[in-house]
Amino acid sequence: MIKCEKALSIVINSIKGLGSEGVDVSSSLHRILAQDIYAQCDVPPFNNSAMDGYALKSTDVKGASYRFPAILKVIDDVRAGYVSKKRLKKKQAMRVMTGAPIPSGTDSVVMVEFTQRLKTGEGEFVKVFKTTEDEENIRLKGEDVKKGQGVLTKGSLIRPQEMGMLASMGINRLEVAKKLRIGILVTGDELVKMGQRLSRGKIRNSNTYSLTGQVLAVGATPVNLGIARDNKAAVRQKIINGINKNIDLFLVSGGVSMGDYDLVKDVLAELGSEIKIWRVAIRPGKPLVFGYIKGIPVFGLPGNPVSSMVVFEEFVRPAILKMSGAGTLFRPVATAIFAQSFKKTKGLKYFVRVRIENKNNKFYAYLTGPQGSGILKSLVLADAIMVVPEEISELKKGQRVCIQLLTDRF
Ligand code: AMP
Ligand code: MG
């Protein structure tokens, strides 16, 4: 049996990246960037007003107050999207809207709230009730990003904010990691297809669906390879079918433990696979298999619904992210205070399903109920996975624990 950390490093070190493709910004959400992005221009491209108000020279409103307002002549009205052709002389101002280019000859903007309009026979004036500092309420050219500056790095996840940032620099095409095709094959004589009647002794196939969700959530494409029955010929045939479906990574659920009908590892070996891992010191998920078949990474996942999901979470997800060139392979981690007591077997790393409660700004972790590897509800109720190291045999109430946060995506 291999230790968890060692098994994970065997997986991660053997996985290679898979190349990139071009996409438009509008279809880049949740893809992984395959190039560094440098700003091709300043953003914003010119100094502009951060407020609706009056652009003026700060020297013209020095000492202005409600009792002694400065009075300036308003010589133009500048809207966002237009440039004033006029130039300011002493004791003059221009009305500006948010986003309007700052007129030349002005150095600050006073908010409209600190002014009062004055219409006279000699034209329009404004009373200004406060002084301004140099550059006050002005958004400076390049204050967001400067031309030539590195803005996004290869391996980062594209979220809505990255899409907006790319658009603000005028970048429409970008290179992202290819979407991986992940084959999902489940095994078991007991499994009944969706929509079919349950006869005695049979159960529904849930792993195809939880794995499909996990694959989609990590930005890859699931390829459903169906159910193989528990005989070597059927498992062999389904695996060969799968390999021919142009998949980048193969998941086979069930049939990897010590039972008489756990055939997957043998069939993989007979088909010439290189088995790198079998059995890892974790709970749930101990019988995990990892290897390569015809150059394609293959995971044999334990059939128990929780084991299958936890092994995906801890091993398959980082492997898919590594193949996609992602800069971050793992979930965010935090610490919490364990609110219960818990006993475990020494020598195994445990992945315990917990929910997190915030009480007086302290985060407490509670078990989501019974932790059996067939109790899928333990994951349904979970916000996080509490990782309990091998050497520990007991957790006491109030102890600090490490949790992996299960955000829906990345
Ligand atoms: P196995 O790993 O094949 O020994 O299966 C372990 C347990 O998980 C057994 O109780 C199986 O019935 C169950 N199981 C296996 N595959 C699935 C599946 N696709 N969906 C739901 N349960 C499964
Ligand atoms: Mg089975």
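Can you name every one of the helices (runs of 4 or more DSSP H) wholly within segment 152-257 that holds 1 or more residues which are under 22 Å from Ala326 (Cβ atoms)?
Values: elements: 160-168, 207-217, 232-243.
Because the criterion is at least 1 residues that are under 22 Å from Ala326 (Cβ atoms), the helices (runs of 4 or more DSSP H) in segment 152-257 that meet it are 160-168, 207-217.
Would you tally the residues in segment 362-372 being within 16 Å of ligand 1 (Cβ to nearest atom) and open to solvent by less than 40 Å² (accessible area, probe 1.4 Å)? Full working, then the answer.
Here is the first cut: in segment 362-372, the residues within 16 Å of ligand 1 (Cβ to nearest atom) are 370-372.
Imposing the further condition that a residue be open to solvent by less than 40 Å² (accessible area, probe 1.4 Å) reduces the set to 372.
Residues that pass the stated criteria total 1.
Starting from residues that are within 13 Å of ligand 1 (Cβ to nearest atom) and of a type outside the set (A, V, I, L, M), keep the ones in segment 257-277 and report whichever is nearest to Met386 (Cα to Cα).
Ser257
Please enumerate the residues belonging to segment 240-261 that are over 27 Å from the mean Cα position of the chain (by Cα) and within 15 Å of ligand 2 (Cβ to nearest atom).
Gly254, Gly255, Val256, Ser257, Met258, Gly259, Asp260, Tyr261
Can you find a residue in segment 313-328 that is part of a strand (DSSP E or B) and assigned by TED's automatic domain parsing to the domain that holds Gly188?
Start the filter on segment 313-328 by keeping residues that are part of a strand (DSSP E or B), which leaves none.
Looking for residues that are part of a strand (DSSP E or B) and assigned by TED's automatic domain parsing to the domain that holds Gly188, one finds none in segment 313-328, hence no.
Answer with yes or no whether Gly398 is out of contact with any Leu (no Cβ under 6 Å at 6 or more places or on another chain), free of Cβ contacts under 8 Å to residues at least 24 places away in the same chain and open to solvent by less than 60 Å² (accessible area, probe 1.4 Å).
On the way: out of contact with any Leu (no Cβ under 6 Å at 6 or more places or on another chain): yes; free of Cβ contacts under 8 Å to residues at least 24 places away in the same chain: no; open to solvent by less than 60 Å² (accessible area, probe 1.4 Å): yes.
Taking the combined requirement at face value, the residue does not satisfy it.
Can you work out which of the residues in segment 226-236 that are among the aliphatic types (A, V, I, L, M) and open to solvent by 20 Å² or more (accessible area, probe 1.4 Å) is farthest from Ser27 (Cα to Cα)?
Residues of segment 226-236 that are among the aliphatic types (A, V, I, L, M), as a first pass: 227-228, 233-235.
When the remaining residues are screened for being open to solvent by 20 Å² or more (accessible area, probe 1.4 Å), the result is 227, 233-234.
Details: Ile227: 33, Ala233: 42, Ala234: 39 Å.
Only one residue fits best here, namely Ala233.
What's the number of the only condition in (1) modelled with pLDDT of 95 or more; (2) buried (at least 17 other Cβ atoms within 10 Å of the Cβ); (3) out of contact with any helix residue (DSSP H, G or I) (no Cβ under 9 Å at 6 or more places or on another chain); (4) part of a loop (DSSP other than H, G, I, E, B) that Gly303 fails to meet?
Exception for Gly303: condition (3).
What is the residue count in segment 182-213 for residues that are open to solvent by 40 Å² or more (accessible area, probe 1.4 Å), touching a strand residue (DSSP E or B) at 6+ places or on another chain (Cβ under 8 Å) and within 16 Å of ligand 2 (Cβ to nearest atom)?
5
How do the pairs read when you match residues in segment 354-372 that are on the phi > 0 side of the Ramachandran plot with residues anywhere that are open to solvent by 40 Å² or more (accessible area, probe 1.4 Å) and of a type outside the set (Asp, Glu), using Cβ under 9 Å and keeping only pairs 6 or more apart or on different chains?
Gly369/Ile375; Gly369/Lys377; Gly369/Leu381
Out of (1) in contact (Cβ under 8 Å) with a residue 40 or more places away in the chain; (2) more than 24 Å from Leu405 (Cβ to Cβ), the odd one out for Val267 is which?
So the condition that Val267 fails would be (1).
Filter segment 373-389 down to the residues that are assigned to a loop (DSSP other than H, G, I, E, B) and open to solvent by less than 30 Å² (accessible area, probe 1.4 Å) and list them by number. Steps first, please.
Of the residues in segment 373-389, the ones assigned to a loop (DSSP other than H, G, I, E, B) are 373-376, 381-383, 389.
Result: Ala382, single match.
Search segment 306-357 for residues being under 19 Å from the mean Cα position of the chain (by Cα) and among the acidic types (Asp, Glu), and hand back the single one that is surrounded by the fewest Cβ atoms within 10 Å (Cβ to Cβ). Full working, then the answer.
To start, the set of residues in segment 306-357 that are under 19 Å from the mean Cα position of the chain (by Cα) comprises 309-310, 312-334.
Among the residues that remain, those that are also among the acidic types (Asp, Glu) are: 313-314.
Values: Glu313: 20, Glu314: 24.
Out of the qualifying residues, it is Glu313.
The values are calculated or read from the model by the stated rules, or taken from the named source; none is laboratory data. Quick caveat, the model's predicted, so the values are computed rather than measured. With ideal geometry, Cβ positions are generated from the backbone for all residues, glycine too; neighbour counts draw on all protein chains shown. What goes into the accessible areas is simple: the full protein's heavy atoms, side chains included, and nothing from ligands, DNA or RNA. Shrake-Rupley method; radii C 1.70, N 1.55, O 1.52, S 1.80 Å.
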